[in-house]
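Here's the structure, in structure tokens; my notes come after.
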Amino acid sequence: MPRSPRFDLAHVPQHIIQRGHDGEECFRLPADCRCYLAQLLQASRRWECSVHAYVLMRNHVHLLVTPSRVGALAGMMQAIGRNYVSYFNTMYRRSGTLWEGRYKSCLIGTEYVLTCQRYIESNPVRSGWMPRPLSYPWSSYGSNALGASDPVVVPHAQYLALGQSSEQRAQAYRCLFELDIDPVMLRDIRAYVQQQRALGSPVFQSWVEATFGRHAKVRPAHRPRRQVEVMEQSVPDMDACRTYPSESLSLRERVPRGG
């Protein structure tokens, strides 16, 4: 069955996740992160896409991007993919693919933009790798929360509305991180990008559905269980009862996995 075309609208933000193939590392050294960010800056300007937030984890990337026209985001991601994979393969004397198929993306309604930014920039904290977003160098938190210079970041209108000056906006943005994101919202953010739908208000979702003629809301992850499936659960799975050693992470790894 052919894949459904992406939801893609000009001037509407999209949350993007691109993962390494089979969980493979995408970033091993700080130099890798610097290279990716240079590619992101170049491609975003070439394709006229505004990057509002990002985080580079050890085996995947999160971005929040607003394209200026339909197709611009795909062009940006393809350019980054080609150039960064070429760098990575040369750097580590490897060949073949680096990314796990197509990147995933979902539309983000205006009222969810800042929440999505917080979700992205808090990824190293949720992974348990860092105690605070400030401690992690490979995200847009320094720009959005501290006013640090970052040529990659273009503030969204929702961010600019936080205050009259850059200091006021940074302070108001930091205050948003004092409370954790609601677990239901965390679940929705993950589900919507996984199913590549449109996360937003009912009005926003209805508009997307009318524009594309397709469902914008997430579908249930599983069909209702039949009685036979419930009965089968009473039989213990001996393989699932075995204990396997957890994956160990080297202290030398500078970029965490996250989620």
Handout entry: the stretch 138-166, residues that are among the aliphatic types (A, V, I, L, M) and not in a loop (DSSP other than H, G, I, E, B)
Key = 145, 146, 153, 157, 160
Completion exercise
When restricted to 153, 184, the only residue among the hydrophobic types (A, V, I, L, M, F, W, C) and touching a His at 6+ places or on another chain (Cβ under 9 Å) is 153
Problem - Selection within the stretch 24-76 - within 19 Å of residue 126 (Cβ to Cβ) and in contact with an Asp or Glu (Cβ under 7 Å, 6 or more places away or on another chain) - result: 53, 55, 58, 59
Exercise for the section: Tell me which residues, restricted to the stretch 167-196, are more than 14 Å from the chain's Cα centre (by Cα) and either of a type in the set (Lys, Arg) or assigned to a loop (DSSP other than H, G, I, E, B) (or both). Expected result: 169, 174, 177, 178, 179, 180, 181, 182
Problem - Odd one out for residue 125 among (1) surrounded by fewer than 18 Cβ atoms within 10 Å (Cβ to Cβ); (2) in a helix (DSSP H, G or I); (3) aliphatic (A, V, I, L, M); (4) without any contact (Cβ under 8 Å) to a residue 40 or more places away in the chain - result: (1)
Completion exercise
Residue hits (the stretch 30-41; farther than 22 Å from residue 119 by Cα and either surrounded by 15 or more Cβ atoms within 10 Å (Cβ to Cβ) or in contact with a strand residue (DSSP E or B) (Cβ under 8 Å, 6 or more places away or on another chain) (or both)) are 32, 35, 38, 39
Completion exercise
Restricted to the stretch 87-118 and to residues being modelled with pLDDT of 95 or more and small (Gly, Ala, Ser), the residue surrounded by the fewest Cβ atoms within 10 Å (Cβ to Cβ) is 109
Fill in the blank from the handout: Note on the stretch 158-187: residues loosely packed, with under 14 Cβ neighbours inside 10 Å and under 24 Å from residue 201 (Cβ atoms) are 160, 161, 175, 179, 180, 182, 183, 184, 187
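The values are calculated or read from the model by the stated rules, or taken from the named source; none is laboratory data. Just so it is clear, the structure is predicted and the values come from calculations on it, not from any experiment. Don't worry about glycine lacking a Cβ; one is built from the backbone with ideal geometry, like all the others, and counts go over all protein chains shown.
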